[in-house]
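All of the numbers you see were taken from the coordinates with simple rules; none came from a lab. None of these values were measured; they are calculated from a predicted model.
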Amino acid sequence: MPVLGAAIDLSGLSLPFTVSDVIGSVNSLLGWVGPFVLLAIALGFAPKIIAFIKSIFGRAASR
């Protein structure tokens, strides 16, 4: 029976990919997904930014 908290021996384990493969894949994924996330953020903030700019010009025109 294994002891709770005992070290696990992973010396015989080999993976079919390296750390640089994982980093390259994540970088590629972010390259594809990033523009869509940026577009979603921009669409969410656009009405607030437009209202802010209109309020600035509205205050300046009333003076």
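Some observations on this one:
- Helix 19-62 and the long axis of the chain differ in direction by around 20°, with both axes built from C-alpha atoms.
- The base-10 log of I(q)/I(0) for the range 19-63, evaluated at q = 0.13, 0.21, 0.29 Å⁻¹, reads -0.51, -0.73, -0.91 [Debye formula, identical scatterers on Cα atoms, solvent excluded].
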